[in-house]
Every structure is written in structure tokens, then in C-alpha cells.
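Here the structure comes first, spelled out in C-alpha cells, and everything after it is commentary.
The values are calculated or read from the model by the stated rules, or taken from the named source; none is laboratory data. Fair warning: this is a prediction, and the values are worked out from it, not measured in the lab. Counting neighbours? That spans all protein chains shown, and the Cβs are built from the backbone with ideal geometry, glycine included.
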Amino acid sequence: MRVAVFSSKPHDKEFLGPAAARFGHELTFLEPRLTSETVQLARGYAGVCVFVNDRLDANVIEQLAAHGTKFIALRCAGFNNVDLPAAQKCGIAVVRVPAYSPHAVAEHAVALIMALNRNIHRAYNRVREGNFALHGLMGFDMHGRTVGVVGTGKIGAIVAKILNGFDCRILAYDVQQNPDCLAAGATYVELPTLLEQSDIISLHCPLLPSTRHLINSSTIATMKRGVMIINTSRGAVVDTSAVIAGLKSGQIGHLGLDVYEEESDYFFEDLSDTVIADDQLARLMTFPNVLVTGHQAFFTADALTSIAQTTLQNLSDLEANGVSANQVGR
Ligand code: NAD
């Protein structure tokens, strides 16, 4: 199948390119994001392969269908950026990679927790300047601390398992319980209880109407003073203005973000020569107790190998049978 790969980066070529030959797919790597301005580039391609910040709204999907595209292959797990009813209406099948390495994301969430707790980001810069003073670097023992895991699917359950190794008390909230999370020693509670009792809150739920701005000024007000919030799920699960206010008042003690509400204009690009026009993003990066990474939680060689394999298999299944086990919105 001829496939246009949007938002492609060198690592996409490195992992998808050689694997595509084995599957017999012909890939064209395109750097632009897929939007209504760039959709013309997909003309004549049966498949398009997209990532988290491509925008597949109804308008883009209708144009894809008109150009002969039949398959959309997301090389990620989340599919909140695709208008699924529009795809269904246009007869375009949408596939995703439901699990590539939940370990990669869970381990990054724990890396953010530990870096913020022990001020590794500040210590790294400090010692390079010959400053070996300890003031401002004090952390806390993880042992015995209460961690709230919101969303206990594949990633959340692994976070619980890792934190169990630190001897943390783990509270969990989800619309359905996961036995793996219970086996990791977590106790399921209602969301308000989790928010009130946790020293650290780590978000692992998908972005849905029910989870948009789940962290907002009202919920932040119910948390422990000095709480640490970690978001590796999707940016809009957190209301950015509310967390900035919480950081300014001291209600939030640490914030670790791998995702950001308005990340699509910034993340995955080298903008070091330009001015960041987004005042909220710029403000976040001024706090010493905030650590932002640019949607890199998934970014391990193991995950990229798995993403390439599943994406290409999904396209082969659609081409051969018209259906795939990893289809969404059917
Ligand atoms: P998953 O589907 O295995 O688990 C998601 C869990 O969230 C499920 O158990 C589901 O029941 C639960 N959930 C649904 N609605 C909820 C609600 N209202 N409140 C609480 N929980 C709710 O998904 P996963 O593989 O664990 O991934 C979780 C999220 O992580 C994805 O949706 C994606 O947004 C994000 N993600 C981020 C990266 C990254 O690089 N930062 C990479 C992969 C996934």
C-alpha cells in the first residue's frame, strides 16, 4: 500500500522505513503535520499514517476521502485528534497502536516524580556552574508517601507496580478496576478521596469529555497543600491556568508535564531560535518546581520498534481483510 507518513521525524524513517519493506508497503515521509492546509499532500495515497498532533477533523477527513484515502493509521495509542464519526461516514477505517510500551510511559512518569522530588533538574545546572550548595534541593522519602493514580489501564497499573517497589501507599481511581493494579497493592477509592489524600497525583486516563480539565481550580483546592501533580496522559486533562494559579499560591508544590494543552504548535520542533509566544507555556517554564518534557514519555527504542511493527501490521490487515483488531470507532 502507498502510505503518506505525516509529521515524520528522522526516528520515524529509522524505525518505519526498514520495517515497511518487509511488509511490502511503500512509505512517503512528509514533515508537515496533517491539517486542512496540508491535506493536499495525501492525494492519491490509500493510507495516511499520523501522530498525536495531526488534526483529523471532519474537513480533513472529507478531503482525504475525496482524494482516495481509505485508511488512517495512528502511530500512537490516543485517538482524540480524529473525528471518528466523520471517518465512519466517509468509509475510512481508523487503526491505532493500543499498546506499544506502557513501560516507557510509566517509567517516564516515575522519572518526572523522582527528578522533581530530588531537584535533579536544578542540581544538574548548579554543579555545572561550580555551585555545590544544597539549599533548595531538599526532597522527601518516597517510602510511605501516598500516590494517587488516576486511570489504571496499562500505563497506570505499571506506575502502581513501580511505586509499590518504593513502599508507597497507592490509591487508585478508574471507572473500572484493573486486577493488575490491585495486585500492585493499590486501593481503589473515589476520585475526591484520592485527590484529598495523595502527596503525588499521576494522571493516566485518556482525554475524554469526562476527563477534560479534571485537574481544575475546584479540584486543586481539595488537594493537600504542596501536592505534586504529574501529567503524561493528554494536556487538556489539566487546566493550565488553574495549575499556574496553584503553583503561584503554593497549593501545588511540584508539577511534571510531558503533555500540554496547547502543545501542537511547539512540541516535537526545535524552536530554540524563536520566541515562545504562548504565555502560559513560557510562564510554566519559569517555575523552579516545574519540569516540562516535550511529549517524550513514549520515546524509547523498544516502543518505536513496537509502534512500527503494529502500524504496518494494521495496514496489512486492512488491505487484506478490510478489518483490523486495532480498529477504532467501528
Ligand atoms: P488504557 O486504555 O490502557 O487505560 C486508560 C484507563 O483510563 C482505563 O483503565 C480507563 O478505564 C480509564 N478511564 C477512562 N475514563 C476515565 C475517567 N473518567 N476517569 C478515570 N479513568 C478513566 O490506556 P494506557 O495505555 O494506559 O494510556 C493512558 C493514556 O496515556 C492514553 O490515553 C494517552 O492519552 C496517554 N499516553 C501518553 C503517552 C506519552 O508519550 N506521553 C504515550 C502513550 C499514551
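A few comments on the model shown:
- Once region 117-150 is narrowed to residues that are more than 16 Å from the ligand (Cβ to nearest atom) and aliphatic (A, V, I, L, M), the residue that is farthest from Pro206 (Cα to Cα) is Ala133.
- Within region 198-213, considering residues that are among the hydroxyl-bearing types (Ser, Thr, Tyr) and within 6 Å of the ligand (Cβ to nearest atom), the one farthest from Ser101 (Cα to Cα): Ser210
- Top-ranked residue of region 82-112 - restricted to ones that are in contact with a strand residue (DSSP E or B) (Cβ under 6 Å, 6 or more places away or on another chain) and under 24 Å from Ala297 (Cα atoms), ranked as nearest to the ligand (Cβ to nearest atom): Ala109
- The set of residues in region 195-209 being part of a helix (DSSP H, G or I) and surrounded by fewer than 22 Cβ atoms within 10 Å (Cβ to Cβ) consists of Glu196, Gln197.
- Per-region count, region 150-164, residues closer than 20 Å to Pro98 by Cα and either surrounded by fewer than 17 Cβ atoms within 10 Å (Cβ to Cβ) or of a type in the set (A, V, I, L, M, F, W, C) (or both): 6
- The single condition among (1) under 28 Å from Pro32 (Cα atoms); (2) in a strand (DSSP E or B) that Leu281 does not satisfy is (2).
- Residue ID - nearest to Gly78 (Cα to Cα), chosen from residues in region 151-193 that are of a type in the set (Phe, Trp, Tyr) and more than 8 Å from the ligand (Cβ to nearest atom): Tyr188
- If the condition is being part of a helix (DSSP H, G or I) and either basic (Lys, Arg) or buried (at least 23 other Cβ atoms within 10 Å of the Cβ) (or both), then region 165-193 contributes only Cys181.
- Test: Arg122 is on the phi < 0 side of the Ramachandran plot, assigned to a helix (DSSP H, G or I) and in contact with a Leu (Cβ under 7 Å, 6 or more places away or on another chain): yes
- Arg212 meets each of the listed conditions (1) under 15 Å from the mean Cα position of the chain (by Cα); (2) free of Cβ contacts under 8 Å to residues at least 60 places away in the same chain; (3) assigned to a strand (DSSP E or B) apart from (3).
- Selection of region 215-227 for residues being in contact with a helix residue (DSSP H, G or I) (Cβ under 6 Å, 6 or more places away or on another chain) and surrounded by 21 or more Cβ atoms within 10 Å (Cβ to Cβ) yields Ile220, Met223.
- For Ala111: the one exception among (1) in contact (Cβ under 8 Å) with a residue 24 or more places away in the chain; (2) within 23 Å of the chain's Cα centre (by Cα); (3) not in a loop (DSSP other than H, G, I, E, B): (1)
- Selected residue (only one of Gly68, Gly44, Gly91 is touching a His at 6+ places or on another chain (Cβ under 9 Å), closer than 19 Å to Leu315 by Cβ, of a type in the set (Gly, Ala, Ser) and surrounded by fewer than 18 Cβ atoms within 10 Å (Cβ to Cβ)): Gly44
- Considering region 232-254, the residues that are in a strand (DSSP E or B) and free of Cβ contacts under 8 Å to residues at least 40 places away in the same chain include one that is farthest from the ligand (Cβ to nearest atom), namely Gly253.
- Criterion applied to Gly91, Gly144 was being assigned by TED's automatic domain parsing to the domain that holds Ala58 and either assigned to a loop (DSSP other than H, G, I, E, B) or within 30 Å of Glu62 (Cβ to Cβ) (or both), and the one residue passing it is Gly91.
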